[in-house]
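Q: Structure incoming, see below.
Values in this text are rule-based calculations from the coordinates and carry no lab data. The structure displayed is predicted, hence computed values, not measured ones. Glycine gets a Cβ as well: all are built from the backbone with ideal geometry, and neighbour counts include every protein chain shown.
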Amino acid sequence: MRVQTVGLIADTHVPQRLPWLPPTVADLFRGVALILHAGDLNRWPVLEELARLAPVVAVKGNADVGLRLPSREIVEVNGVRIGLVHGHGGWPAYLRDKLREQAVGPEPLRYLRYARSAFTEPVHLIVSGHTHRPHLVQVDGVWLVNPGPVAPDYYIQIGPTAGLLHLRPGEVRYEQVDLNTGAVRAWLLPLEEG
């Protein structure tokens with residue numbers, strides 16, 4: 001079976017923080033089989049622009065007020081099951097955590113737990129956003145991937161970044177791509193049957 005490539009993007013915040021998607025997004029995603037958007041897109045034109053490149057599956061983030069999107073999705077590509085969620089834990093948790101962070105500072109592990117707990121069904125990996133910080137970690141045999149933000153963060157600027165998953169049955173290669181420089185960090189992710 002041939003390799004299928006999936007584009008990963010999160011936290012685009014158009015037009016809240018950016019007037020439009022950087023052109024490097026289209027360059028990166030040209031030719032992918034599917035694009036997964038992990039929320040905080042802000043407006044429909046982001047999905048329309050991405051859909052000109054490939055089919056898009058998107059979930060709702062905390063900044064997607066008024067957009068009718070699911071809170072989570074599961075897709076399967078080449079036998080690899082991928083969960084997609086924004087990772088903010090829903091509105092009550094998000095508001096409670098904002099208050100807590102004012103007192104004790106950011107707690108990124110909390111959002112990894114939210115992303116992981118969103119899926120009781122077997123998945124090989126979970127793509128999330130929300131933290132505006134790229135991450136890659138394995139928890140209980142499931143890879144948690146955040147491609148990082150496209151839009152700037154209010155606090156610390158990391159990015160813009162996006163990701164690519166190169167999938168074949170039983171094998172995943174993940175690339176995190178800096179959209180400014182084109183620099184790529186790559187990992188081979190061993191999968192556990194689930």
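Q: Can you tell me the length gained on complete extension of the stretch Leu67 to Arg185, counting 0.36 nm per residue apart and subtracting the Cα distance?
A: Working: separation 118, 0.36 × 118 = 42.48 nm, distance 3.26 nm.
This chain segment gains 39.2 nm when fully extended.
Q: I need the chymotrypsin sites (Phe, Trp or Tyr not before Pro) found in region 114-194, filtered to DSSP loop residues with at most 15 other beta carbons within 10 Å of theirs. Could the numbers behind the result be given before it?
A: On the way: sites: Tyr114, Phe119, Trp143, Tyr154, Tyr155, Tyr174, Trp187; in loops: Phe119, Tyr154, Tyr155.
The qualifying sites are Tyr154, Tyr155.
Q: Now for a different question. Specify whether the C-alpha gyration tensor of region 16-94 places it in the rounded, prolate or oblate class, a ≥ b ≥ c being the square roots of the eigenvalues: rounded for a/c under 1.5, otherwise prolate if a/b is larger than b/c and oblate if not.
A: Values: a/c = 2.25, a/b = 1.14, b/c = 1.96.
Oblate shape, in that a/c is at least 1.5 and b/c is the bigger or equal ratio.
Q: What is the distance, in nm, between label points placed 7 Å from the Cα along the Cα-to-Cβ direction at Val3 and at Leu136?
A: 1.3
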